[in-house]
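As structure tokens, the structure follows; a few thoughts come after it.
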Amino acid sequence: MSIRLEVMLNPACELEYADAWIVVDVLRATTMMTTFFERGGKVILPVKSVEEAYDLKRKLGSDWLLMGERNSLPPPNFDCGNSPVELLDCFLGTYEGAIMTTTNGTKALLLASTFANTVCVGCVRNATAVLEVALKYGNKIGILCAGRFNRAMIDDTACAGLMVDIVRDRVENVELNDGGKIALAVWEYYDKNMLEAFKDAEHAQSLRALGLWSDVEYAALQDESKIVPKLAIWQGLKAVVT
């Protein structure tokens, strides 16, 4: 079996069509999405802007959770931020779903949807599970790192490197682009220790300053989840489901 693995280190890269794209925004959007479904959430409607989120909330009503962030904090009148740890105390089954917008992750997810029929949500917590699903769709798989403000970041790059490592352990012939080789080198530089990589990451340090370090520790735990959220269409809108 031969696999072509394309890793894009930030969404400013020119994407190619793939059999499946895995979008990674490990701190914290894709970790948040994975946790949402672990906790009984039904559907997420990702949107690019805060204004779109407000509009959808007005249309759909109070049974929809408004969640996300700008500069790592919830915008005014949002029900919750982008903290997966915060979700652990929420009973999400009481909501019809969630409307979500983040600075980087939701935009990257919607971008990837134009370059594949299958788009999966990936993070450290579901790294093996998301690859098992993506590899069922074909032999050309893309990993899109959301980065931060269209820049490559250590956290997403290390997560992509972990995913490259997992594929290389399972598939005999893996062809990597330069992004894949860089991601693998970053993962190996930190001795395959995700928390050590996160400690060195600019984004993680900003979360620490905001008192959100527990989110970083939570996001660093590998293969804690079998949940693989995927992009789909819900009542004519792009949605994340399981």
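Just so it is clear, none of the values below were taken in a lab; they were calculated from the coordinates. Every value quoted in this text rests on a predicted model; they were computed, and no experiment measured them. Neighbour counts are summed over all protein chains in view; Cβ atoms, including those assigned to glycine, are modelled from backbone coordinates with ideal geometry.
Data table
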{"item": "Residue check, Thr157 hydroxyl-bearing (Ser, Thr, Tyr), touching a residue at least 40 places away in the same chain (Cβ under 8 Å) and within 15 Å of Arg28 (Cβ to Cβ)", "result": "no"}
{"item": "Test for Gly97: is it of a type outside the set (Lys, Arg), within 26 Å of Met194 (Cα to Cα) and surrounded by 19 or more Cβ atoms within 10 Å (Cβ to Cβ)", "result": "no"}
{"item": "Top-ranked residue of the stretch 17-37 - restricted to ones that are charged (D, E, K, R) and crowded, with 20+ Cβ neighbours inside 10 Å, ranked as farthest from Leu162 (Cα to Cα)", "result": "Arg28"}
{"item": "Top-ranked residue of the stretch 1-16 - restricted to ones that are more than 13 Å from Leu109 (Cα to Cα) and touching a Ser or Thr at 6+ places or on another chain (Cβ under 9 Å), ranked as surrounded by the most Cβ atoms within 10 Å (Cβ to Cβ)", "result": "Val7"}
{"item": "Selection count, the stretch 1-16, where residues are more than 17 Å from Lys136 (Cβ to Cβ) and assigned to a loop (DSSP other than H, G, I, E, B)", "result": "8"}
{"item": "Positions within the stretch 190-242 being under 21 Å from Thr101 (Cα atoms) and in contact with a Cys (Cβ under 9 Å, 6 or more places away or on another chain), in sequence order", "result": "Ala219, Val228, Pro229, Lys230, Leu231"}
{"item": "Positions within the stretch 1-42 being in contact with a Gly (Cβ under 8 Å, 6 or more places away or on another chain) and among the aromatic types (Phe, Trp, Tyr), in sequence order", "result": "Trp21"}
{"item": "Residues satisfying the stated conditions in the stretch 120-143, i.e. touching a strand residue (DSSP E or B) at 6+ places or on another chain (Cβ under 7 Å) and in a helix (DSSP H, G or I)", "result": "Val130, Val133, Ala134, Leu135, Tyr137"}
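Residues are listed down the side, and each one gets a yes or a no for (1) in contact with a helix residue (DSSP H, G or I) (Cβ under 7 Å, 6 or more places away or on another chain); (2) among the polar types (S, T, N, Q):
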{"site": "Asp55", "(1), (2)": "no, no"}
{"site": "Ser83", "(1), (2)": "yes, yes"}
{"site": "Ile99", "(1), (2)": "yes, no"}
{"site": "Phe115", "(1), (2)": "no, no"}
{"site": "Val133", "(1), (2)": "no, no"}
